[in-house]
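What follows is one structure encoded as structure tokens, with my remarks underneath.
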Amino acid sequence: MSFAPALDAVVAAHAALRARRPLVQALTNTVSTNFMANVLLSAGASPAMVDNPEEAALFAGIADGVLINLGTPTAAQVEAMRLAAAAAEKAGKPWVLDPIAAGGLPWRGGVAAELLQFRPAAVRGNASEIIGLAGLGGGARGVDSSADPAAAVPAARDLLAHAAAVSASGPVDHVVGRVGSRTVLVRIGGGSALLPRVTATGCSLGALTAAYAAVAPDPLTGLVAAHVHFAVAAELAEAVAPRPGSFAAAFLDALDAVDEAVLRERAKIEPAVELA
Amino acid sequence: MSFAPALDAVVAAHAALRARRPLVQALTNTVSTNFMANVLLSAGASPAMVDNPEEAALFAGIADGVLINLGTPTAAQVEAMRLAAAAAEKAGKPWVLDPIAAGGLPWRGGVAAELLQFRPAAVRGNASEIIGLAGLGGGARGVDSSADPAAAVPAARDLLAHAAAVSASGPVDHVVGRVGSRTVLVRIGGGSALLPRVTATGCSLGALTAAYAAVAPDPLTGLVAAHVHFAVAAELAEAVAPRPGSFAAAFLDALDAVDEAVLRERAKIEPAVELA
Amino acid sequence: MSFAPALDAVVAAHAALRARRPLVQALTNTVSTNFMANVLLSAGASPAMVDNPEEAALFAGIADGVLINLGTPTAAQVEAMRLAAAAAEKAGKPWVLDPIAAGGLPWRGGVAAELLQFRPAAVRGNASEIIGLAGLGGGARGVDSSADPAAAVPAARDLLAHAAAVSASGPVDHVVGRVGSRTVLVRIGGGSALLPRVTATGCSLGALTAAYAAVAPDPLTGLVAAHVHFAVAAELAEAVAPRPGSFAAAFLDALDAVDEAVLRERAKIEPAVELA
């Protein structure tokens, strides 16, 4: 019996997603909006990209979860991000930070550091982004171009000072969080090498994380469930579409097709490890 | 013989669309831009997303029709919307309002109310949006979460004070307008349950409405023709693609494939009803 | 033996693209962002749509090439364009201008004229756009609605005063540049009539041009290689997907599938012509 979220918890979170169809407010980059909305719809959630300063806070009170993605920030959108994050924290709505390139570009790095004060339920990034974000506090680590999520585990752990759970996604996703007094690492395999060949897949995983955080019993479970749903769908899609254009459509089909039986057959969750 | 637009009028409008390839200026949300442009191109129109305050009015004089969609408004885009709507009205170009969430979010509600003063040729929304928009005037109805377009007919009728024709789209589209001194309701069946599973399909229907309004003899005919073309294409697409990712591509293919024979075979226009 | 880039040069540029995966910064219109990023990824480059004034100049120093596309400019994005173009010129990074509608809309026409001062490596547009852009200087030509790229050759040649190479793309792409003291015209056939039926294909060709300019020995070779890769992929895609929705996905697949053997079999580069 595991001390961390495992297959049964993922299956339960998936059932909750389908039953509740959470409304996810996404303040995201211009490249990702359409694909992200379709990922949410196919997976079983509802998207709303309300990202202006006039409405962002109000809508964070209406939405079930909020995603903030720093891919192509503008001054106005950044203002909306601050307002949405503050409103989400105040209303007790889970919000997820996707800190694209925050470690390498000082202006958005400052934005990311400020947003962390509003205590995201989860942070999701690739290994470099997690390392870069963690380095913003102390300036120590900086940007690492490594693509190996394992290298980001110490940084992810540091970020638990700000967020309830953190993932570095990649060929094997590394998710870190707390279960009681334990700090645990959950690794999720599967997926597809085609995912990074389609733009906005990582961004869309961030949005799906916000959807699951809205329905799961805790952010760590939500983060694990989102990554498993994503990885299983990617594996299904790759089996029928071996190149990026057709893979993108097949992936949306597969997010829709994933059900309990598929999860139980294909989920690749490694036994959780307690971090010392 | 019908007193409202029926199959022959739809076929004629479709032929006019293909012959003239109207240029549609779309001021729309960030989620919809790419898919909407592809819907217009596949259906037989030309898109141009000119939505900055510096050029919006000038371009409304060049375009054949204008779509204004309130999905993700920014302060600058709203200024462009006012300028484009005013210029379209002045130049006698038909413009269409898609009042996404205007009934539920006060800031954009104010924008929508102001835009109605420029007398859109048509308003298109889902049932909740039509009810919400109608409620902005008197504050009476507010937002109704009902998805049944039939419930929006009274609101659509109220909006005829501002627009020549109004549709509440859904499983059965309900289109309301005037024919001479009569107020009529035209219902259009068909379509696909997959349409709401793909983001920006409703928004793109709004844009197609602007394209048809530019070539049809009157806004009501344009609105009916756009909904029929859309519903028939969705039906064709669903037959070959039963999940959302592949459906989106198949739907674009089908918008292109629809011709007079397909319209005559598959259009589901119920006999028009005169509203008391 | 040719005095201008021909098949061997294209094959070498393609190999360099795949080996180096250049990072392309794109400041582009809202319709194109997602598809353009996918075109770059499928072809073998890396996209980053950093287009705010706060980060555009810094990122131009990081990127291998920069695309500036005037499709849906905002005041803030235009400021970012100026900063990115200036930074690219200063850092010796190739940048490409795609002057959408610059000849027909005075505000963006002024922006385009100003940007030309930063000496783009290449300009890419359709025939009307190249004619329109060239006309901005002297006001003589204005906008020509002709779609025949051959008509744009004199304008393209005029633009060599500002850019190292210029293309007017269309059914037969016309690329103009200098080889030593010669001014040459290279024509590229192939492609597909479906390309203009899918939005943002031309814009994405502009981005691919920036990717090739970053790895080719000179801008003219980069421009020719980008157009050949694009045309060959379009031809492959049309063979399996005869309508626009499925063509778009097949085209991304084909950009990925193009390799040296496919280029050698299908490239349609006409013998270069020296312009008097």
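The values are calculated or read from the model by the stated rules, or taken from the named source; none is laboratory data. The model shown is predicted, which means the values in this text are computed figures rather than measured ones. Neighbour counts run over all protein chains shown; Cβ positions are idealised from the backbone, glycine included. For the accessible areas, the whole protein counts, side chains as well, though only heavy atoms, and no ligand, DNA or RNA atoms are used. Shrake-Rupley method; radii C 1.70, N 1.55, O 1.52, S 1.80 Å.
A few notes on this one:
- DSSP assigns beta bridges within the range C:7-274; of those with both partners inside it, close to 45 percent run antiparallel.
- Think of the protein assembly as shown as having a plus end and a minus end, set by charges on the Cβ of Lys, Arg, Asp and Glu; of B:G61, B:F251, A:Q117, A:Q117 sits farthest toward the positive end of this dipole.
- Total formal charge among the other residues, if their Cβ is under 10 angstrom from that of B:P149, Lys/Arg +1 and Asp/Glu -1: -1
- The protein assembly as shown: translational diffusion in µm²/s, Stokes-Einstein, Kirkwood Rh over Cα pairs, 10 °C, 1.306 mPa s: 59
- The Rg/Rh ratio for the range C:52-190 is 0.97, where Rg is the radius of gyration of the alpha carbons and Rh is the Kirkwood radius.
- Dipole size of the protein assembly as shown about its Cα centre, with +1 on Lys/Arg Cβ and -1 on Asp/Glu Cβ: approximately 300 debye, rounded to the nearest 20.
- Within the range B:1-22, backbone nitrogen closer than 12 Å to the virtual label 7 Å beyond the Cα of B:T183 toward Cβ: none
- Working note: Debye formula, equal point scatterers on the alpha-carbon atoms of the range A:7-274, no solvent; log10 I(q)/I(0) at q = 0.14 Å⁻¹ is -0.86.
- Sites C:E79 and B:A91 - FRET efficiency at Förster radius 35 Å, r taken between beta-carbons, to 0.05: 0.70
- Using Cβ point charges alone (K and R +1, D and E -1), the dipole size of the range C:18-123 about the Cα centre works out to roughly 360 debye.
- Minimum 10 Å² accessible area buried by the other protein chains, the range B:223-267 residues, probe 1.4 Å, relative to alone: B:R243, B:P244, B:G245, B:S246, B:A249, B:L252, B:D253, B:D256, B:A257
- Among A:V215, A:S181, A:V31 the positive-end extreme of the charge dipole of the range A:7-274 (Cβ point charges): A:S181
- For peptide B:31-44, the mean count of partner chain Cβ atoms within 10 Å of a residue's Cβ comes to 6.
- The interface between chain A and chain C buries about 1700 Å² of solvent-accessible area in total (1.4 Å probe, ligands and nucleic acids excluded).
- Chain B, accessible surface, carbon-and-sulfur percent (1.4 angstrom probe): 56
- Summed side-chain charge close to A:T183 - residues other than A:T183 whose Cβ falls under 9 Å, Lys, Arg +1, Asp, Glu -1: +2
- Computed with a 1.4 Å probe over protein heavy atoms only, the accessible surface of the range B:185-276 comes to 31 Å² per residue.
- Cβ-placed point charges (K, R +1; D, E -1), dipole of the range C:7-274 about Cα centre in debye, nearest 20: 220
- Counting every alpha-carbon pair across the range B:162-244, the share separated by more than 19 Å comes to 36%.
- For q = 0.15 Å⁻¹, Debye-computed log10 I/I(0) when each Cα of the range C:43-125 counts as one equal scatterer: -0.47
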